[in-house]
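Novice: Mind looking over this structure? Questions follow.
Derivation of every value follows stated rules applied to the coordinates shown; laboratory data play no part. Quick caveat: nothing in here was measured; it's all calculated off a predicted structure. Glycine also receives a Cβ, built like all others from the backbone with ideal geometry; neighbour counts cover every protein chain displayed.
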Amino acid sequence: MEIVATIFDLDGTIIRSEKEWGMAYLSVLQKLGQNISSDPHIPGVSVKSNWQNFITKFNIKTDKTVEELEIMTFAEYEKLISQITLNDGVIEFMDLLKENGISLSLATSSNWELTDKILKQFGLINYFESITTGEEVLDSKPAPDIFLLASEKLGVDPMDCLVIEDSVSGITAAKDAGMKVVAISNEDNEENLEEANLVVESFSAITLKAIDALSLD
């Protein structure tokens, strides 16, 4: 195998946004009369899946559908995107990949509208040869569907793709797609990421040598 394409997750990987997602979920939960003070969402899991979990976990009684709760959460999150920041070193890392002929793709559980706004906010829209959102697949992470679709759009064998993730569900999805995965550990996420092929604390730790070593595994 040879790494010829890198597929990036968005939330928590390219951008630091888990706090803002947590605030969005809490805002909607409070509108439903739930007195919950700490962020209950699972990073890397779609908004719809998180709501399916909340309804069971908190025994929520509501006439709103999961799809309506998803829309409400997206709306609350959109109010906060001006507070989101880029992860340190991500631009330099993407530039390094492009300079060395490695294709870049994005695969995010978020929807297209929010993804487009965030990428434009940071001037990233033209970095990626393809963008795949959660709206395009039937099963969200930890299912491998979104990464398989991303590799298909690139015309690259899944085995020749490297995924950059920050969550357990994303790592599982990438590995089930037959891809190597590097996990970015950060203070916003307390999940155990050891199932990744490589775990780093910052993008500066992902060198071309490290990528080459993964391709030989």
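Novice: Could you give the length gained by full extension between Lys209 and Glu194, i.e. 0.36 nm per residue of separation minus their alpha carbon distance, to one decimal place?
Specialist: Length difference between fully extended and current span is 3.4 nm.
Novice: Does anything in the range 136-167 have its amide N under 13 Å from the 7 Å Cα→Cβ label point of Glu2, and if so which residues?
Specialist: In the range 136-167, the label zone of Glu2 (backbone N under 13 Å from the point 7 Å along Cα→Cβ) covers 157, 160-161.
Novice: So what's the angle, to the nearest 10 degrees on a 0 to 90 scale, between helix 90-99 and the longest Cα principal axis of the chain?
Specialist: Taking the Cα atoms of the chain, the angle to 90-99 is about 40 degrees.
Novice: Helix 112-121 against the longest principal axis of the chain: what's the angle in degrees, Cα atoms only, rounded to the nearest 10?
Specialist: Long axis of 112-121 versus the principal axis of the chain: about 60 degrees.
Novice: Which residues make up the longest stretch of the chain clear of GluC sites (Glu not before Pro) that lie in a DSSP loop with no more than 14 other Cβ atoms within 10 Å, not counting the sites?
Specialist: 3-186
Novice: When the chain is modelled as a GNM with alpha-carbon springs shorter than 10 Å, which of Ile146, Ile91, Ile131 fluctuates the most?
Specialist: Maximum fluctuation in the GNM of the chain, among the listed residues, is at Ile91.
Novice: Is the shape of the chain best called rounded, prolate or oblate, per the rule: a/c under 1.5 gives rounded, else a/b larger than b/c gives prolate, else oblate, with a ≥ b ≥ c the square roots of the Cα gyration tensor eigenvalues?
Specialist: Since a/c reaches 1.5 and a/b is larger than b/c, the shape of the chain is classed as prolate.
Novice: Please enumerate, by chain and number, the lysines with C-alpha under 20 Å from the C-alpha of Lys64, excluding those fewer than 8 residues away in the same chain.
Specialist: Lys31, Lys48
Novice: First measure r as the distance between the Cβ atoms of Asn126 and Glu67, then evaluate 1/(1 + (r/R0)^6) with R0 = 45 Å and state the FRET efficiency to the nearest 0.05.
Specialist: 0.90
Novice: Extending each Cα 7 Å along its Cβ direction at Glu136 and Glu113, get the distance between those two points in nm, one decimal.
Specialist: Going from the Glu136 label point to the Glu113 one covers 1.9 nm.
Novice: At a Förster radius of 35 Å, what calculated FRET efficiency corresponds to the Cβ-Cβ distance of Gln30 and Asp176, to the nearest 0.05?
Specialist: 0.50
Novice: Please build a GNM for the chain, connecting alpha carbons under 10 Å apart, and tell me which residue among Thr85, Thr56, Thr115 fluctuates the most.
Specialist: The residue with the greatest mean-square fluctuation here is Thr56.
Novice: Among Ile60, Ile84, Ile171, Ile118, which comes first, then next, by fewest other beta-carbon atoms within 10 Å?
Specialist: The order, fewest Cβ neighbours first, is Ile60, Ile84, Ile118, Ile171.
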